[in-house]
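J.: Supplied in structure tokens, the structure appears directly below.
The values are calculated or read from the model by the stated rules, or taken from the named source; none is laboratory data. Nothing here was measured: the structure is a model prediction, and the numbers come from that model. Quick reminder, even Gly has a Cβ in these numbers, built from the backbone with ideal geometry, and neighbours come from all protein chains shown. Only protein heavy atoms, including side chains, enter the accessible area calculation; ligands, DNA and RNA are left aside. Shrake-Rupley method; radii C 1.70, N 1.55, O 1.52, S 1.80 Å.
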Amino acid sequence: MLAFGSKLREGPGTVFKIMATLAAGEVVMILGRNESGSWLFVRIPDGREGWIAYRQFQQTFDLGQIPKAD
């Protein structure tokens, strides 16, 4: 669940294009992470996939259990 309003981006960083803006409390499916674990690759409810910064999430995750995304 997102702790803050968040931007879904085309890649793992703020230089990438914004694909959607999500509200705090929205639930997304985590599919993967970048090498450092600072960005998570997710699927949002409408089916689009993209990247959201890890710090935007309400809960913490064991990043070792999340596979690296390409």
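J.: Can you tell me which residues in the stretch 5-44 are out of contact with any Leu (no Cβ under 9 Å at 6 or more places or on another chain) and either β-branched (V, I, T) or farther than 19 Å from D70 by Cβ (or both)?
T.: T14, V15
J.: Could you tell me how many of the residues in the stretch 45-60 are assigned to a loop (DSSP other than H, G, I, E, B), within 17 Å of D70 (Cα to Cα) and open to solvent by less than 60 Å² (accessible area, probe 1.4 Å)?
T.: 0
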